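Read the structure below first, then the notes.
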Amino acid sequence: MRRRALAIAILAAVLFLGAEAQAVQQGHQTERISGSAGDVLEDNPVGRLKVYVYDLPSKYNKKLLKKDPRCLNHMFAAEIFMHRFLLSSAVRTFNPEEADWFYTPVYTTCDLTPSGLPLPFKSPRMMRSAIELIATNWPYWNRSEGADHFFVTPHDFGACFHYQEEKAIGRGILPLLQRATLVQTFGQKNHVCLKDGSITIPPFAPPQKMQAHLIPPDTPRSIFVYFRGLFYDTSNDPEGGYYARGARASVWENFKNNPLFDISTDHPPTYYEDMQRSVFCLCPLGWAPWSPRLVEAVVFGCIPVIIADDIVLPFADAIPWEEIGVFVAEEDVPKLDSILTSIPTDVILRKQRLLANPSMKQAMLFPQPAQAGDAFHQILNGLARKLPHGDNVFLKAGERVLNWTAGPPGDLKPW
């Protein structure tokens, strides 16, 4: 009875929060992002850098997409849309002598299984082949061995090119990319697959699809905690405990009957609408620390509850994640209900006001066509902040750093 009474009291508070949030949205109240983060989000990269786009044979990009157009819709599609964006961007230069950065468009996640999952096994050979091509046909790679080049590597574990963490760690980052800047969705502190200087980005989530599911901004947030997704992956982790390091299983086991938690493996057609009716949206790790839920939560103004120890979040130097989200350690998942119900109302409302800031939502999206402040521009801002290049970027005559024969034997086979 005591538990039920407490749940009723909290649900009443949720309805109060919904009404407060409704007032915020009706009055178009947003809050300026504290510190310099807001200014960084709104930076205009045009005029601050120039990018040369290598013109590669279509077998590295467009031919793969033509073979399987599904690549445009999965969460790894940032590599495709970044290429399209740069081809018409004002930062593009056709004169490589004046370029600050060089971009190599390789679609390493566009080899899909029948179920639509990317197969990473050919990716290292494809990337090596592309690098060998630009090193042979242009002089710019060799003068820096890639230190003024960037690559978009949106695999589960970035340029380690494997979807299982243990094997990704065993492989490590492709040796030829050790000096390049990697633009990748994967981010975890002190991890083999995240090198210093990488730019961590959000996964692709379809902006038009989310736009089509927007509901009136005055809709109350009557759901306290929301999550849809797997709690166990019995096909790949039959004994349990390895998938999501047990965090998702703990959510289910502890809160499946809790009236404050709307959690399920079902993915209803009202999924996007339900997020817009929720106060908190769980964003736990899966096989990798990241997922599109983080993007969806921010876009729909649902406070993201991030359960992924040591995660490095997208554009962490620009987006104030501590102010808009809630971080819960994986070992503290059993206390999730008490953690969330103990957050003061004024703190929740401030997070909602920050999430209502349009620049926050825009920074998480890859819209077509591109728009000011979007994820494309945040990537360029990140590259611009690395300029000017340091003295260690360009090699002395005859100097070599990279080992072209390093890596697993299978990666050295022709592609």
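The values are calculated or read from the model by the stated rules, or taken from the named source; none is laboratory data. Because the structure is a prediction, the values reported are computed rather than measured. Using ideal geometry, Cβ is built from the backbone for each residue, glycine included, and neighbour counts are taken over all protein chains shown. Ligands, DNA and RNA are excluded from the accessible area calculation, which covers all protein heavy atoms including side chains. Shrake-Rupley method; radii C 1.70, N 1.55, O 1.52, S 1.80 Å.
Tabulated values for the structure
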| read-out | value |
| --- | --- |
| Condition broken by Ala318, with the remaining ones in (1) surrounded by 22 or more Cβ atoms within 10 Å (Cβ to Cβ); (2) of a type in the set (Gly, Ala, Ser); (3) under 26 Å from Arg248 (Cα atoms); (4) touching a residue at least 60 places away in the same chain (Cβ under 8 Å) satisfied | (3) |
| Segment 179-209 - residue that is assigned to a strand (DSSP E or B), of a type in the set (S, T, N, Q) and within 13 Å of the chain's Cα centre (by Cα) and, of those, farthest from Val152 (Cα to Cα) | Gln188 |
| Some residue of segment 356-377 being out of contact with any helix residue (DSSP H, G or I) (no Cβ under 9 Å at 6 or more places or on another chain) and at pLDDT below 95 | yes |
| Residue list for segment 68-88, filter: touching a strand residue (DSSP E or B) at 6+ places or on another chain (Cβ under 7 Å) and under 14 Å from Pro367 (Cβ atoms) | Ala78, Met82 |
| Hits in segment 143-167 (condition: in a loop (DSSP other than H, G, I, E, B) and either charged (D, E, K, R) or over 22 Å from Asp111 (Cβ atoms) (or both)) | Glu145, Gly146, Ala147, Asp148, Asp156 |
| Within segment 213-255, tally of residues that are in a loop (DSSP other than H, G, I, E, B) and under 18 Å from Met275 (Cα atoms) | 12 |
| Helices (runs of 4 or more DSSP H) wholly inside segment 318-415 that include at least 2 residues being of a type in the set (S, T, N, Q) and closer than 30 Å to Arg92 by Cβ | 358-362, 375-384 |
| Residue list for segment 112-136, filter: free of Cβ contacts under 8 Å to residues at least 24 places away in the same chain and of a type outside the set (A, V, I, L, M, F, W, C) | Thr113, Pro114, Ser115, Glu132, Thr136 |
| Subset of segment 322-354 (residues that are in contact (Cβ under 8 Å) with a residue 24 or more places away in the chain, more than 19 Å from Val312 (Cα to Cα) and of a type in the set (A, V, I, L, M)) | Val333, Leu336, Leu340, Ile348, Leu349, Leu354 |
| Helices (runs of 4 or more DSSP H) (entirely within segment 38-139) containing at least 1 residues that are over 27 Å from Arg293 (Cβ atoms) and of a type in the set (Ser, Thr, Tyr) | 123-137 |
| Selected residue (criterion: farthest from the chain's Cα centre (by Cα)) from residues of segment 337-362 that are more than 30 Å from Glu253 (Cα to Cα) and loosely packed, with under 14 Cβ neighbours inside 10 Å | Asp346 |
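For (1) open to solvent by 80 Å² or more (accessible area, probe 1.4 Å); (2) closer than 30 Å to Ala99 by Cβ; (3) modelled with pLDDT of 95 or more, each residue gets a yes or a no:
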residue	(1), (2), (3)
Ala19	no, no, no
Gln25	no, no, no
Val46	no, yes, no
Tyr52	no, yes, yes
Leu56	no, yes, yes
Ala77	no, yes, yes
Ile80	no, yes, yes
